[in-house]
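After the structure tokens below, expect a handful of questions from me.
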Amino acid sequence: MIWSFYLTSVLLGVGAAILWTAEGAYLAANSDEHTTSRNTGVFWALFQCSLLGGNLYVYLSLKADAITRTTRYPLFFVFSVVCAIGLVIYACIIWRWLIERRGQKLQSEPIEQKTALSDVIETFKIALRLLKSRNMLLLLIPFAYTGFSQTFFQTVYATCIGHTIKYGRTRKRLIGLHGVLVGIGEIIGGGLFGFITKPKTSSQCALVILIGFFLQSIFYYSAWINFPADAPANETNAESYFQFSSSTSQVIAFVGSFIVGLGDSALNTQLFTVLASQFKHSSASAFALFQLVQGIASAIAYSYAGSLDLQYQLITVAGTAAVGNSSRELALPHGIFFHRKSNTLYVADLGNTRVQIFSLNQPSTGGTTAVFKVVEPNKIYVDDDDDNTEPTIYIAVFVGNRVEKWTKGATHGVQIGDECRSCSGISVDREKNVYMSESDRHRVLKWSPRTNTTIIVAGKTDDRGSSSEQLSNPEAIYIDQSSGIFYVADSHNNRIQKLTKDSLDAVTVAGSKTDSPGTDVGSLADPTGVWVDEETKVVYVADTLNNRVERWLPDASKGDTIAGGFGLGDAENQFNTPNDLTFDSEGNLYVSDTWNHRIQRFHIIDNHPCTPTSTVRPEAQICQDASPYDSCSTNEACSCLPLMNTNNDGICASLYVKCSELISCANNNRTCYRPGHLCVNHSRCHSTALCYPANMALPALCPPISLMKKKWSKTGCMNHTRRSHTTSVLINEKVLVAGGFDNVAISNAELYDPSTEIWTTIDSMNDARGEHTASILMNGKVLITGGLATRGFLNSSELYDPSTETWTTTGSMTNARGEHITSVLADGKVLVTGGYGDSHWLNSAELYDPSTETWTTTGSMNNTRSEHTSSVLANGNVLVTGGHVSIDSLASAEVYDPSTETWTATSSMNSARSEHTASVLMNGKVLVAGGSNYSHSLNSAELYDPSTQTWTITGSMNHARWKHTASVLRNGKVLVTGGFDHNALNSAELYDPSTELWTTIGSMNDARGEHTASVLTNGKMLVTGGSNGGMALNSAELHKLITLDDRHH
């Protein structure tokens, strides 16, 4: 008899479409511009009275927990009678129309007779013409929306009410109450938006439509938080997103019913008004198109109404989720797992029904799909097969009520073990036993592959509770592989439970002893992720509803927040429902930030328990009797942070520590469990006390304010504005400035005399050029090479002779190039590398021999690159670092051996960068600082050790910057000036290799980048020209307090 059900459904749809089209045309024919809105409202209100009456009967007649034959037959009888009455009324309308038409024929001239078929054909032709019009094409979108929307609240929403078991045995009759309340909303809305408001302008009509969308958005959100995700598909006892009581949930459901009726009436009355007024003479065709598009949308919605989970149906209807499905994007990521052998991160990308793999060796690349088409993959575990080829992936499939095992090359997963209702956690022990959390049945199961049997290892079947032997909706599982002890996130009891292999009696290791949620550090709220340090037994928890990650030491009564804890949000120190967590081999924390659709990484300084820090380290600079954030140092980045364990003292500390890297203090805001940290008041980050690194309060980093002196003074201005020029300190102690850009490339040159601080114009170069290089040769002459001119890139070179103050042309390079780098080798030759020329980036290198004034090609670099750096090492080799090709910055580095004229790749930098600086320190290491990776500026710095050919990260600069300068002083320190971040900078800072810290010194008078800096023989530093971001400068200034015998590098 199923065929009869489908047949009657088709007949009902056809009949409804005909009636709706006829009613719309009838409404248009009997309305004018003054009555259309009123008539539409009256029609809609009267029409929805049937919804009110019919559902009221359903609510009163259905009193059992199921719809049986006894309850069906009276319903069919009553509805059939109502339908018959409706047909009689329609017959009366048609009868009157026929009489009127007959009278018109008797009084008028004979006209051409049209058949019913010809009318239908004509209406169809008009509909096709309307479909091509701009106005109708725009209306197709709201037509389709109403189809999706009505299917949802009439079918899916009603089904959710009937499937939610906690509503009781009579929950089916509540469907009728839902319909009643929808009807009341529709009737009130019909009168309010159609009859009372009487919109006469498009703006008023648009306002009513916006109100309708707003009301329906509230309805969709209430449905999402109120019903279990699987309610559209089957009867369920699962919890909703917010765990309301049965009575509260019903109130929310029925308020939503009324609101959606109100919103639906707002949309439909305005659509009817638009169709009746704008398409008055073709109303039948217009309403036919309305019904066609709405019907197609409804059919699509019905096709997935009983299979898709609630949240996906809401995305389809409301379009509220900001999700992505590219290789670099995620949608509602849940479980994550770090695979140590491959150094990869596996992510259960729930919204995209897949598992993604991200390489931590190449974090900038997108992910690859390892598992696909798995509906709601929740937690995951990645194991190694015996042949050590590809890992095996185990997935807790929440909706599928199972655990799936995916092996190498598989196109589908294989279910293992028994059914796992609302499967929400997964882990595997050393013996390949699979542990799975069966959330709906409040227990943890263990499946043995050897015996193919499943046993209960935690909780009691269908027995929710908070005793030591009970669980409530368990989630993540973590197994200590060495001991076999396992940990369970007992989410609805707001705690983490620890269990041994042979006992169902658990011990709480995180969370309060009660089952109540809380926001203090001694409580948890719906924890869904757990990870354990197997060496120290420290427990880490994804404290989901508190939007934070908590760390609990062994036997502790309170935890401390190590990530998040700053409220719900999408900032770098915030989460929106963190679901899972893991650590990599270097101790970095990864958190699945579900509703922000991202994975967050945090660097945790120390994961081990330690003695609490309670006293100030002696070297930390103290500020006494100071208010929070008072100025306390010559370093403008430093301010006073009050200490929590003293009355009036604070520390003078640099504020360049990200809030996301700080954790909360423990023991009433007075104790830090991180070594070398002090408990301070830092209200700009958080209202509670935070652990702050004491090494950020060293006097070297934050010099006392009493030592503040003005370090920069203006000197004579150059005769020409210029940027991207060169400066060279000559053997006569004067400074040569050559070329650069003003608005165009320039050829002029000038000399600066430090004794008089005066600039003198000298002969110009033979070629105008900028972005060229200048090298001081062993004979005292200056070699200028390449660069960019108005006509393009140059291969020409020329020499400046200080003794005659003249320029002469010398041999040309093989390749024209700019943005290249030159280095003077130990044998006096000049090595030029890379750059850009002839419409492509270069990897070529050439050597200039001053004795013959000729260029010869030498070995090419392994990588093409421009705006890189080159440094001559103590052994005579040349280190080249970074640069870029197009907009791709490079992290690679390579070494040139002059004796063999060959290049050898060395280890890559930790960060890709170009337009940075490289400085050879007195200890032989190379300091690389700042630069850009074309997405943002960098403040990071790192050291290259030629003896080990390795890079290590050192202290970061206080300001991110690129196109800055770096000068090595005779005392071994490095002075960095200016550059660009978002704007030009005037700041300067000093790097001390002994402490690996940066200290901000006085700022320059002018912000500038693309400038030069030269250490003079009198101990001062000269900074010249550059750009302030908008125009070239001719200003110059001196740094006065460099009094040691320094050298420029």
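Nothing in this text is a laboratory measurement; each read-out follows from the coordinates by a stated rule. Bear in mind that the values here come from a model prediction, so they are computed numbers and not experimental data. Positions of Cβ are generated from backbone atoms using ideal geometry, with glycine treated the same way; all protein chains shown enter the neighbour counts.
Enter the per residue convex hull volume of the range 712-1039, computed from alpha-carbon coordinates, in Å³ rounded to the nearest integer.
Working: hull volume 38.9 nm³, N = 328.
That works out to 119 Å³ per residue.
Quick one: R913, R791, fewest Cβ neighbours within 10 Å first, how do they rank?
On the way: R913 30, R791 9.
Listing R913, R791 from fewest to most nearby Cβ atoms yields R791, R913.
Starting with the highest mean, order 171-184, 767-780 by the number of other Cβ atoms within 10 Å, averaged over the residues of each peptide. Display every interim value, and only then the final one.
Values: 171-184: 22.2, 767-780: 20.1.
Ranking the peptides 171-184, 767-780 by packing returns 171-184, 767-780.
For an R0 of 30 angstrom, estimate the FRET efficiency from the Cβ-Cβ distance between D838 and H982 and round to the nearest 0.05.
Working: r = 33 Å, r/R0 = 1.09.
Approximately 0.35, to the nearest 0.05.
Still on this model: I'd like to compare 438-448, 805-815: which one has the highest average count of other Cβ atoms within 10 Å, and what's the full order after that? Spell out each step's value before the answer.
Values: 438-448: 22.8, 805-815: 15.9.
Descending packing order for the listed peptides: 438-448, 805-815.
What FRET efficiency, computed as 1/(1 + (r/R0)^6) with R0 = 60 Å and r the Cβ-Cβ distance, is obtained for S713 and H412, rounded to the nearest 0.05?
Once rounded, the FRET efficiency stands at 0.20.
Beyond a 23 Å Cα-Cα separation, which of these cross-linked pairs lie in this structure: K446/K558; K373/K460; K405/K432; K460/K513; K513/K558; K714/K1020?
Numbers: K446/K558 31 Å; K373/K460 32 Å; K405/K432 12 Å; K460/K513 19 Å; K513/K558 11 Å; K714/K1020 12 Å.
From K446/K558; K373/K460; K405/K432; K460/K513; K513/K558; K714/K1020, over 23 Å: K446/K558; K373/K460.
Same structure again: Gain in length, V375 to T514, computed as 0.36 nm per residue apart minus the alpha-carbon separation, to one decimal in nm?
Numbers: separation 139, 0.36 × 139 = 50.04 nm, distance 3.46 nm.
Full-extension gain reported as 46.6 nm.
Let me ask another. Can you figure out the FRET efficiency of E572 with S483, using R₀ = 41 Å and their beta-carbon distance, to the nearest 0.05?
On the way: r = 36 Å, r/R0 = 0.88.
Result of the calculation: an efficiency of 0.70.
Given a cut-off of under 8 Å on Cα pairs at least six residues apart, what relative contact order in percent is computed for the range 712-1039?
On the way: 981 pairs, mean separation 43.5, N = 328.
Here the relative contact order equals 13 percent.
Restricting things to alpha carbons, find the Rg to Rh ratio for the range 847-992 using the Kirkwood radius for Rh. Kindly include the intermediate steps, with their values, before the conclusion.
On the way: Rg = 15.5 Å, Rh = 15.8 Å.
Ratio of gyration radius to Kirkwood radius for the range 847-992: 0.98.
Between L825 and T155, what is the label-to-label distance in nm when each label sits 7 Å out along the Cα-to-Cβ direction?
Label-label distance for L825 and T155, simple model: 7.8 nm.
Fully extended, how many nm does the chain gain between E586 and N234 (0.36 nm per residue separation, minus their Cα-Cα distance)?
Working: separation 352, 0.36 × 352 = 126.72 nm, distance 4.51 nm.
Difference between extended and current length: 122.2 nm.
Going by how many other beta carbons lie within 10 Å of each one, how would you line up R495, R961, R430, R402, fewest first? Let's see the in-between values first.
Numbers: R495 26, R961 29, R430 9, R402 20.
Placing the least packed residue first, the sequence is R430, R402, R495, R961.
Determine the relative contact order of the range 391-508: mean sequence separation of Cα pairs under 8 Å and six or more apart, normalised by residue count, in whole percent. List each step's numbers first, then the result.
Values: 312 pairs, mean separation 19.3, N = 118.
Reported relative contact order: 16 percent.
Something else now. Roughly speaking, what is the stretch gain from S246 to M1031, that is 0.36 nm per residue apart minus the C-alpha to C-alpha distance, in nm to one decimal? Don't skip to the end; give the middle numbers.
Values: separation 785, 0.36 × 785 = 282.60 nm, distance 6.84 nm.
Going from the current span to full extension adds 275.8 nm.
Continuing with the same structure: Order of S1003, S797 from fewest to most other C-beta atoms within 10 Å? Numbers along the way, then the final one.
On the way: S1003 18, S797 25.
In increasing order of surrounding Cβ atoms, one gets S1003, S797.
Now for a different question. Given Cα positions, please report Rg to Rh for the range 334-603, the hydrodynamic radius being the Kirkwood one. The partial results should precede the final answer.
Numbers: Rg = 17.0 Å, Rh = 18.2 Å.
Here the Rg-to-Rh quotient is 0.94.
Could you tell me which residue out of G792, T761, S724 lies farthest along the dipole of the range 719-797 toward its positive end? Charges go on the beta carbon: Lys and Arg +1, Asp and Glu -1, centred on the Cα centre.
Toward the positive end, the furthest listed residue is G792.
Moving to a separate point now. Hey, what D do you get for the range 712-830 in µm²/s if you plug the Kirkwood alpha-carbon radius into Stokes-Einstein at 25 °C and 0.890 mPa s?
Details: Rh = 14.5 Å.
For these conditions, the coefficient is 169 µm²/s.
So for the range 334-603, averaging the separation of alpha carbon pairs under 8 Å that are six or more residues apart and normalising by length, what relative contact order in percent results?
Working: 786 pairs, mean separation 27.2, N = 270.
Relative CO of the range 334-603 lands at 10 percent.
Something else: Can you tell me what the convex hull of the Cα atoms of the range 843-916 projects to on average, as an area in nm²?
Details: hull surface 22.0 nm².
It is 5.5 nm².
Let me ask you something else. With each pseudo-label sitting 7 Å past Cα toward Cβ, what's the K341-E733 distance in nm, one decimal?
Output for this residue pair reads 6.9 nm.
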